[in-house]
1. Quick check: pseudo-label points 7 Å beyond the Cα along Cα→Cβ at A:Asp31 and B:Ser339, how many nm apart are they?
2. Give me a single rounded figure for B:128-137: the average over its residues of other chain Cβ atoms within 10 Å of their Cβ.
3. If the label for A:Asp374 sits 7 angstrom from Cα along the Cα-to-Cβ line, what are its distances to the same label in every other copy, in nm to one decimal, shortest first?
4. Past 30 Å, Cα to Cα, is the threshold; run B:Lys97/B:Lys252; A:Lys85/A:Lys195; A:Lys97/A:Lys252; A:Lys269/B:Lys195; A:Lys269/B:Lys284; A:Lys252/A:Lys284 against it and keep the listed order.
5. Between copies, how far does the label point of B:His354 sit from its twins, in nm, shortest first, when each point is 7 Å from Cα along Cα→Cβ?
6. Using the 2.2 N^0.38 Å rule of thumb for compact globular proteins, work out how segment A:233-392 stacks up: its C-alpha Rg over that value, please.
7. Report the calculated FRET efficiency for A:Asp221 and B:Ala57 (r = Cβ-Cβ distance, R0 = 56 Å), to the nearest 0.05.
8. Would you calculate the separation in nanometres between label points at B:Ser43 and B:Thr261, each defined as 7 Å from the Cα along the Cα-to-beta-carbon direction?
Protein chains: 2
Amino acid sequence: MSAELLEETQTSDDGSVGIVETRSIRLFSADHPLRLASGSEMSSVTVAYETYGTLNADASNAIYICHALTGDAHAAGRHANADRKSGWWDGFIGPGKGIDTNRYFVICANVLGGCQGTTGPGSINPETGLRYCLSFPFLTVRDIVAVHSELVRALGIKTLLAVVGGSLGGMQVLEWAVSFPDQLRAAVVLASAPKLAAQGIAFNAVGRRAIYADPGFCNGDYYESEGPRYGLALARMVAHITYLSEDSIELKFGRRLQDATEFAFSMQKETEFQIESYLHYQGKRFVQRFDANSYLYLTRAMDYFDLSDGFASLAESLSRAQARFLVASYDTDWLFPTSQSRDLVTALLQAGRHVSFLELLCPFGHDSFLIDLDPLAQLVGPFLQRTMDANT
Amino acid sequence: MSAELLEETQTSDDGSVGIVETRSIRLFSADHPLRLASGSEMSSVTVAYETYGTLNADASNAIYICHALTGDAHAAGRHANADRKSGWWDGFIGPGKGIDTNRYFVICANVLGGCQGTTGPGSINPETGLRYCLSFPFLTVRDIVAVHSELVRALGIKTLLAVVGGSLGGMQVLEWAVSFPDQLRAAVVLASAPKLAAQGIAFNAVGRRAIYADPGFCNGDYYESEGPRYGLALARMVAHITYLSEDSIELKFGRRLQDATEFAFSMQKETEFQIESYLHYQGKRFVQRFDANSYLYLTRAMDYFDLSDGFASLAESLSRAQARFLVASYDTDWLFPTSQSRDLVTALLQAGRHVSFLELLCPFGHDSFLIDLDPLAQLVGPFLQRTMDANT
């Protein structure tokens, strides 16, 4: 399999990794099950993943990308020339880009519990022949990372050059650095935190309530029907607000009306302002690409995440890590504010770890790590290069 | 009627206005209808209101309180000795308090479109004998204030000493100062803004979507059934988050679990963290006291509010005002941040108005104006006294 796995991804001249393919691999077995934090076990997990660039001879140039809450394995390139959109971090991953695929071999996989090819609540439970629905085992960020870690082993890579991720992806990076310290040499944590704050839990709770309260939810067993599409759209609407900064919403939409120059003065017109129309559109679009059960499981995994769990302190947990850390926050991110990155950096320093930290200035709020890629490239590129150089 | 209206409210020794009564008055007529901003007319509006303290001989000591989105006329005292809770601003209104009922005559009325005694979408339309539901005329902050203004005239008061309000109440104060400049000598605007920002519209849109999407909504005609109770509760949950500061949620709830010392590791447990349980409780409690249609109309009125509408600038609109202004914001209020109060104060200064402005330091976010009443009393008390003194 390794020849197929490691074949060079087709590249084009425009700085893209070109046409890519999502591959699938089955991990774990009855003899070697995935042991979850809840105590459950899974004897088979299918993982959807993509790779870009070429693994070098000593397998020392592999970088693992951890996606955020609703991301997927398709981080860069296109699946077909006709695709309208590239992967979700295409501006950051590619030849000559922040994560330079001319130098590095990049891996990105859909998370456990997801709905983009990796085993999740919408998958068939091999033991029953039926979809898991809410019988899917409860999962944590540690479980997600345990699957990533297994994938890396399956790809024949002993040590990753770096693990990189933003938001929930950054939580995975942190968990990886602590739970599998031998497996990575550098950790890049963007717009994230060592635990989810109460306000984050609160917004997640609202999203879940919207799904649970939707009559289409049917206690999670909705795959043969319409499903909780109103609830899921609503969950996305409220989450989407938290991804944007107040200033960026004001600048982009302000109080401008949608398709009108004057107020309608009617309660029958639900989307009168552009910001309303935009949020409704985001909600509807999200329902087309995401599964409500996955949303429930993954937001809960986020809620549960607290890197210091089981340790006397955050610093003690981080003292297990061996990686060099790069931590970046965004000044306008109010979902994962800089103060939380500072707490992380303080604990890393207390633990005697190597850490670089920068608060980036960008108006786009939490989503900045997906949008403002040039400053990120200037930060991450040299950091990866230094880590690579330190190898010799 | 005036004797009854103006009778002294019973007071007690504990700094409370004592036992109070919500009164009801019918305003407007076919000959003198309420003309709404939408162009509609209403020939009859019932208003629920309360008064505290005694109107002096020249009716120069009357202060009008404008309540926020989900408030009501019951601002101070108790309706019965057995009441567990006092009015919503009882700590601020009473003998010797911030708004001293030993000196001032205080009026508070439920807003037009509300559901606590004043005509709203749940009221009977006299023309049809049926509840208005969504046939209730679309309303704006200006319409709400036009009803307040009429009530003041009906009470035989020509000029108010002051109009005071926070949040949506502050918007009413601003509108009053511009639309009926002769009717007030001072305007106290707390935790408010001269227009609702896009982020505020966004959160309102989410709340309305939750109500509209609830199958119990029945296009607003739900009074004989259960109604959109899940949707309304959800709307309250998300709004409630915006009323609190990130720090206050963190301090009050943090990541503490509800009724457990360990994680449940189960998707069947929806309220695992204390913050979740708290938000669910707030949602359920809200459904018991508030009407979903009123929520739709009043949030829309908030969305529409822009004091500069119809003027070349905010300063130009404020140049119509004659009142002395006191503007106060809270450092941790992210729904109506200090920057919005600063814009207001700048425009007031440009318009040549008298304005005092203070950013108060309080950890409780937007709700601070309902909670942290001593600093508010120290600010508002002397301001009212100065205004009163300037009368002579």
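1. Rounded to a tenth, the inter-label distance reads 6.1 nm.
2. Mean number of neighbouring Cβ atoms from other chains: 1.
3. Nearest to farthest, the other copies are at 5.3 nm.
4. Details: B:Lys97/B:Lys252 27 Å; A:Lys85/A:Lys195 32 Å; A:Lys97/A:Lys252 27 Å; A:Lys269/B:Lys195 20 Å; A:Lys269/B:Lys284 27 Å; A:Lys252/A:Lys284 20 Å.
Checking Cα-Cα distances, A:Lys85/A:Lys195 exceed 30 Å.
5. 6.7
6. 1.34
7. 0.20
8. In this crude label model, B:Ser43 to B:Thr261 measures out at 7.0 nm.
Read-outs throughout are calculated quantities, based only on the coordinates presented, and are distinct from any laboratory measurement. Keep in mind that what you see is a predicted model, and the values were worked out from it rather than measured. Ideal geometry is used to build each Cβ from the backbone, glycine not excepted, and the neighbour counts take in all protein chains shown.
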